[in-house]
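Down below is the structure, laid out as structure tokens.
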Amino acid sequence: MDTKLNKFDLIIKARNLRKEKTKAEKILWQELRNNNLGIKFRRQHPIDMFILDFYAPSILLAIELDGFFHQTKEGQEHDKRRTEYLNFKNIEILRFWNGDIENDLSTSLNKIKEKIKQLSKI
């Protein structure tokens with residue numbers, strides 16, 4: 001779990017995760033990269049003891065893609081702690097199931113675009 005890693009280990013883990021993308025991460029990254037939505041996103045970005053799937057630092061927005069682990073009790077507890085911590089740092093989180101991205105990308109992108117629009121006005 002991320003909370004047991006030191007900063008150096010977290011950076012190494014983030015680099016490895018960038019190389020080992022899930023299908024959903026590959027699909028979404030094609031839409032987020034190169035400022036395609038008008039905002040710069042980073043992928044597998046470390047924030048303190050967590051690694052965010054996608055992060056837009058200019059508007060403090062994290063996008064997390066959830067798979068099976070997030071349905072387990074341990075996964076749900078981890079997500080709760082992570083969300084509380086990131087919210088404390090004023091980072092908003094959008095969560096999508098991998099299947100949402102793989103099967104209905106347009107709906108997910110519309111939600112992301114709306115959140116970007118909302119956070120850009122603040």
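Considered as a group, the residues in the stretch 34-81 that are more than 22 Å from L105 (Cα to Cα) and among the polar types (S, T, N, Q) include one that is surrounded by the fewest Cβ atoms within 10 Å (Cβ to Cβ), and that residue is T72.
Scanning for something within 16 Å of E25 (Cα to Cα), of a type in the set (G, A, S) and not in a helix (DSSP H, G or I), does the stretch 98-109 turn up at least one residue? No, that holds for no residue. Of the residues making up the stretch 28-77, just one is touching a strand residue (DSSP E or B) at 6+ places or on another chain (Cβ under 9 Å), assigned to a loop (DSSP other than H, G, I, E, B), of a type in the set (V, I, T) and farther than 14 Å from K89 by Cβ, namely I39. Per the conditions (1) modelled with pLDDT of 95 or more; (2) touching a strand residue (DSSP E or B) at 6+ places or on another chain (Cβ under 7 Å); (3) acidic (D, E), the sole criterion not satisfied by E102 is (2).
The values are calculated or read from the model by the stated rules, or taken from the named source; none is laboratory data. Note that the coordinates shown come from a computational prediction; the quantities given were computed from them, not determined experimentally. Virtual Cβ from ideal backbone geometry, glycine too; neighbours counted across all protein chains shown.
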